[in-house]
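Computed from the coordinates by the stated procedures, all read-outs in this text should not be read as laboratory data. In this text the structure is predicted, and so the values were computed from the model without any measurement. Glycine also receives a Cβ, built like all others from the backbone with ideal geometry; neighbour counts cover every protein chain displayed.
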Amino acid sequence: MNSLERVLGYPFYYTGVLADKMLNWNNPGSLFFFFPHYHTGGAEQVHLDILRIFADQKPFIIITKNSRNKTYYQAMQDTGRLIEIYKYFNNANRFIVKNFFYGFLASMINRHPKSVVISANSTIFYELCYYLNESYIIDILHGLFGINNKHWIQATPKINKRIVVSQAVYTAVKNIYITNGFADKYDNRLQIIHNAVPLCDLNIAKDLNAPLKIVFIARNSKEKRFHLYQQIAVKVMQELPGTIFYCIGNYEKTEPVVNLGEICDRQKLYQIIKDFHILILCSISEGFPLVIAEAMTCGLVPLATDVGGVRETFQDGISGFLIKAENEEEIIAEFIADIKKLDTNRELLKLMSNSAREYVQENINYERFAVEYTKVIEEGKNR
């Protein structure tokens with residue numbers, strides 16, 4: 001938002017301030033979260049995991065964009081007070097309503113001493129933070145694919161701590177800092193906190209003599225490249241009859257893949273995939289994909305394209321295989337070669353399955369995740 005837009009928006013901004021004074025909502029924990037969505041997605045699951053850590057403080061959770069479905073709506077609402085501001089936005093009144101909410105939210109946050117505000121990929125928040133006075137501001141970046149860099153870059157001087165989910169995202173952000181002359185000023189505000197999952201406590205006893213069960217788990221979006229998985233399935237089923245390919249997600253035409261639909265409950269997901277052998281991820285871009293850790297704790301061996309933070313989720317050749325090819329034909333061929341390797345060497349499959357479970361337990365465990373986020377937020381409160 002430029003200076004002229006701010007000046008023009010002040011009448012609506014101060015109307016929002018007045019509305020806050022009249023309502024006088026109180027947030028005892030002085031903890032505010034700004035998340036774009038509550039629909040199905042890896043980032044949304046991570047946001048819910050974070051909210052559950054601080055549920056005893058009953059934080060305010062501001063949802064800034066329309067969601068495709070209500071997968072995590074009730075669960076997020078159960079952790080605090082959910083405020084859905086996107087409902088009031090439309091093309092006709094967006095400027096007025098946006099500035100009203102800037103005033104309302106800034107006033108509410110500013111009157112809470114030692115407030116801590118956490119955001120993730122929220123353009124509305126990046127503009128709002130200019131109006132926050134004494135708040136400790138934390139920004140979470142899951143990745144840079146598909147987001148407008150301008151907003152989070154401009155907000156950088158106001159951010160006290162920027163959490164990135166992988167070394168790959170850290171490097172990308174640091175390079176952007178260098179380009180924008182921020183490197184020496186704000187590098188020390190960057191911190192890596194890997195996403196994590198609760199461990200699967202079900203009995204994992206895979207039938208290593210049965211045909212392979214392979215699964216693809218992702219939302220239906222272009223960067224996941226489901227079409228590659230379908231091509232892999234067609235070719236492998238010709239060469240290894242009996243191999244079964246599944247997908248979990250909001251897909252329609254999936255032949256020859258067996259579609260299990262969307263599964264958003266983590267324990268239900270664990271129950272279904274614990275008997276599977278291999279996870280395939282064909283993405284063109286990833287931050288730190290939660291689904292790999294979820295599959296590994298169930299003993300699946302991940303085969304995944306070497307993009308973003310994927311290589312930080314397992315050890316290549318020990319607990320999974322990185323697909324390093326870049327063009328689609330070579331990617332498909334490399335996936336097929338690794339599937340054949342595991343099919344013909346079931347002892348290797350067993351070793352890698354055990355290694356996958358151990359790696360999650362030692363490196364991507366939920367307890368460490370909770371400790372790291374708690375420490376960051378406590379630092380903000382005790383500043």
Whole-number percent relative contact order across the chain, with pairs defined as alpha carbons under 8 Å at least 6 apart:
14
Using modelled amide H (1.01 Å from N, peptide plane; none on Pro or chain starts), what sits under 5 Å from the amide H of V197, excluding residues fewer than 5 places away?
Y366
Find, among the GluC sites (Glu not before Pro) in region 218-277, those assigned to loop by DSSP (not H, G, I, E, B) with at most 10 other beta-carbon atoms within 10 angstrom.
E252
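Within a 10 angstrom radius of the beta carbon, how do C282, C264 rank from fewest other beta carbons to most? Mind dumping the intermediate values first?
Numbers: C282 25, C264 16.
In increasing order of surrounding Cβ atoms, one gets C264, C282.
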Quick query: amide H of N250 versus all other amide H atoms, modeled in the peptide plane; which residues come in under 5 Å with a sequence gap of 5 or more or a different chain?
N220
Residue-normalised 222 nm signal for the chain, counting each DSSP H run of n ≥ 4 as -39,500 (n - 2.57), nearest 500 deg cm²/dmol, is -13500 deg cm²/dmol
Relative contact order (%) - criterion: Cα under 8 Å, at least six apart; region: region 213-363:
22
Using Cα centres only, tell me the gap between region 296-370 and region 176-236 in whole Å.
10
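Going by C-beta contacts inside 10 Å, put T15, T313 in order with the fewest on the left.
Numbers: T15 14, T313 30.
In order of increasing Cβ crowding within 10 Å: T15, T313.
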So, with points 7 Å from each Cα along the Cβ direction, the Y130-R111 label distance in nm works out to 2.4
Hz values of 3J(HN,Hα) by residue in region 223-234 - Karplus curve (6.51, -1.76, 1.60), Gly and Pro given as x:
5, 7, 6, 4, 4, 5, 4, 4, 5, 4, 4, 4
Contour minus end-to-end for E379 and K87, with contour as 0.36 nm per residue of separation and end-to-end as the Cα-Cα distance?
101.8 nm
Amide H neighbours of I61 under 5 Å, counting only residues 5+ apart in sequence or on other chains, H built in-plane at 1.01 Å?
F33, R81, L82, I83
Note the direction-averaged projected area, equal to a quarter of the hull surface, for the Cα convex hull of region 213-363, in nm².
7.9
Net lengthening on full extension, A337/Q315 (0.36 nm per residue, minus Cα-Cα):
6.1 nm
Cut-off under 14 Å on the C-alpha distance; same-chain residues fewer than 8 positions from K158 excluded. Which aspartates and glutamates are left, in chain and number order?
E127, E134, D139, D187
Hey, which of these cross-link pairs are over 32 Å Cα-Cα: K70/K206; K65/K174; K98/K222; K174/K253?
K70/K206; K174/K253
Give the cross-link partners of K274 among the aspartates and glutamates, using a straight C-alpha distance below 13 Å as the criterion and excluding same-chain residues fewer than 8 apart.
D201, D207, E294
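Tell me the relative contact order for region 42-148 as a rounded percent, counting alpha carbon contacts under 8 Å between residues six or more apart. Mind dumping the intermediate values first?
Working: 101 pairs, mean separation 22.3, N = 107.
Result for region 42-148 is 21 percent.
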Computed FRET value (nearest 0.05) for L4 with D187, which takes r as the C-beta separation and R₀ as 30 Å:
0.40
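Can you tell me the length gained on complete extension of the stretch C264 to E328, counting 0.36 nm per residue apart and subtracting the Cα distance? Numbers along the way, then the final one.
Numbers: separation 64, 0.36 × 64 = 23.04 nm, distance 2.94 nm.
The span from C264 to E328 would gain 20.1 nm if fully extended.
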Rounded to the nearest 0.05, FRET efficiency between E223 and F95 (Cβ-Cβ, R0 30 Å) equals 0.40
